[in-house]
Structures are given as C-alpha cells and as structure tokens.
Amino acid sequence: MRLLQRIIWGAWVLLTAAPQALASDSGATALNYYVARQQSRPFQIEDNGHNQRGLVTDLLKTIAARLQQPLQFHILPFRRYLQTLKQQDTGYWITYGAPQWSEPQSLRLGKESIISISHSLLYSAHRPELQVRSASDLCGHNILTLDGFYYPALDGVLDSDCVKHYQVHTHKAAFLFVERDIPPALFIEMTYRIRYNLAQEKFSPAHFRLTDLSAVIPPYDLYFSYSADVPQQLIDGIDAELKQMKARGELQAIIDRYQN
C-alpha cells in the first residue's frame with residue numbers, strides 16, 4: 001500500500017510540476033494558449049490534441065519562440081472553451097478575438113491586428129443568387145450557424161420567427177446540409193473559413209454559391225486576446241514582434257499558407 005501511495009504521489013508531482021518546469025527553463029511563466037477544438041479552423045487546427053498549427057497558432061508559436069515565452073496548450077470544445085475563459089480562476093491566458101465579439105474574447109486585445117475578415121452566406125448552387133442588403137433580407141430562409149457562435153448584427157432576425165435557425169457542430173455538417181438542399185438553407189460564416197474548410201473536406205465549390213454579407217456584418221480585424229493578469233510589457237512585446245512580421249512579409253506568408 002505504501003509503495004502504491006508513493007507511486008501515485010510521484011505521478012501527481014510530475015503532472016503538477018510540468019508547467020512550472022517549462023516556465024523555469026526559460027525564466028518565464030508559461031502563457032496558457034486556449035484552442036477551440038475543430039470549429040476554429042484554419043485559425044487554430046489540431047488533430048485529436050496533437051499537431052498544433054493554424055494561422056493564429058503558427059503566428060503565436062513563432063512570436064513566442066522569438067520572445068522565449070513558453071506556451072501551455074489547452075484544447076477544448078467551443079462552448080467549454082468560452083466557459084473556461086470566463087471563469088475567474090482561469091488566468092494568464094492568450095487566444096484571439098475581436099472588438100465585435102462578446103467577452104471575454106473582446107475584453108483585452110492587442111494593438112496590432114492579425115487579419116481582416118468578412119462574412120458570407122453559403123448556399124446551394126441550385127438556388128438563385130441572393131442579394132443581401134439588410135438583415136431582414138434573410139427572412140423566410142433556413143439559417144445555419146456553428147454551435148455557440150453569435151452574430152450581434154443578426155440577433156433581431158435569428159431570434160425572431162421570420163427564420164428557422166439551426167446550429168451545427170462542424171463545418172462538414174453545415175456543408176452537407178447545404179449541399180443536400182432539403183430543406184434549402186443558408187450557412188453564415190467567415191469567408192476565409194468557408195473557403196478553407198470546403199477544400200479540406202473535399203467539397204466541390206461548383207455545388208455552392210457565396211454571397212457577401214458585408215452590408216449586414218461589416219468586415220473587422222482579429223487580434224490576440226488576453227486575460228487581465230497578463231503583463232502589459234508582454235503584450236507590448238508580442239505587438240512589436242507582430243508589427244515586424246508584417247513589415248517583413250512573414251505574417252502574409254502564414255495567411256497565404258491557409259488561404260484556398
């Protein structure tokens with residue numbers, strides 16, 4: 001029994017000491033990087049918790065290496081990801097966000113933008129081309145969004161009886177729904193993510209139409225997002241390195257890597 005207790009104790013010490021050991025080797029505390037499983041591709045990509053990559057992830061890993069700032073990865077389903085960031089005992093974290101998003105992803109943002117994004121409607125190529133000048137133009141349609149994603153500019157329509165609103169867990173599920181066209185549906189998503197995930201999931205672009213939604217959801221920029229306890233000096237350092245990467249064309253090279 002004592003031997004078993006020693007083994008358990010030793011394992012617990014190793015597990016709890018791992019982040020501190022990572023931090024002590026570089027002289028800095030590990031920054032907790034939160035990743036939303038599956039739904040954030042191509043900004044954050046992972047294969048069952050491994051092979052971390054993606055536009056935001058590649059950018060952050062490059063900057064962190066140059067600043068000798070260790071990272072601790074945390075991969076969670078999207079709703080749990082948001083709930084974890086909102087908890088007061090979850091600290092010293094970084095992810096990405098935008099001023100237009102809800103807290104905590106919009107609460108504390110860096111100064112240097114990562115990428116400008118726009119939104120589009122994806123629907124079957126069998127349907128006539130749509131013109132969307134206001135949110136009310138969506139009335140009478142079946143609307144798809146990713147589970148847990150909210151669009152303040154569309155709240156009045158999505159929460160009303162003028163549309164049927166469905167939420168799906170993956171891009172593939174949305175594409176299958178739209179491609180089947182029974183019932184006809186419009187998928188609302190970032191244009192960048194639609195194009196990337198259509199290619200990754202091997203769907204034919206000829207089966208779909210894309211209509212720009214900028215008249216309803218104006219384009220906006222994404223930034224690194226931080227918890228309140230991350231030192232401003234570290235944020236400034238990340239911003240400075242990001243600015244240099246823009247000037248050298250390194251950021252654009254990362255963006256192009258995931259642009260289909």
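The values are calculated or read from the model by the stated rules, or taken from the named source; none is laboratory data. What you are looking at is a predicted structure, and each value in this text was computed from that prediction instead of being measured. As a convention, Cβ positions derive from the backbone with ideal geometry for all residues, glycine included, and neighbour counts pool all protein chains shown.
Do we have Ala98 as crowded, with 16+ Cβ neighbours inside 10 Å, of a type outside the set (Asp, Glu), over 19 Å from the mean Cα position of the chain (by Cα) and under 20 Å from Pro219 (Cα atoms) here? Against the criterion (crowded, with 16+ Cβ neighbours inside 10 Å, of a type outside the set (Asp, Glu), over 19 Å from the mean Cα position of the chain (by Cα) and under 20 Å from Pro219 (Cα atoms)), Ala98 does not qualify. Looking at the structure I just gave you, is Ile188 assigned to a strand (DSSP E or B), in contact with a Leu (Cβ under 7 Å, 6 or more places away or on another chain) and assigned by TED's automatic domain parsing to the domain that holds Gln252? Here the answer is no, as Ile188 does not meet what is asked. For Leu121, the criteria (1) crowded, with 16+ Cβ neighbours inside 10 Å; (2) more than 20 Å from His171 (Cβ to Cβ); (3) over 17 Å from the mean Cα position of the chain (by Cα) hold in every case but one, which is (2).
Condition (residue is assigned to a helix (DSSP H, G or I), in the same structural domain as Arg108 (by TED's automatic domain parsing), closer than 17 Å to Gly54 by Cβ and touching a Leu at 6+ places or on another chain (Cβ under 6 Å)) applied to the range 219-231: is it met by at least one residue? No, the range 219-231 has no match at all. Within 23 Å of Arg41 (Cβ to Cβ), over 13 Å from the mean Cα position of the chain (by Cα) and either surrounded by fewer than 16 Cβ atoms within 10 Å (Cβ to Cβ) or among the polar types (S, T, N, Q) (or both): which single residue out of Gln83, Gln87 fits that description? Unique residue meeting the criteria: Gln83. Residues of the range 195-233 that are farther than 19 Å from His126 by Cα, surrounded by 15 or more Cβ atoms within 10 Å (Cβ to Cβ) and among the aliphatic types (A, V, I, L, M): Leu213, Val216, Ile217, Leu222, Val230.
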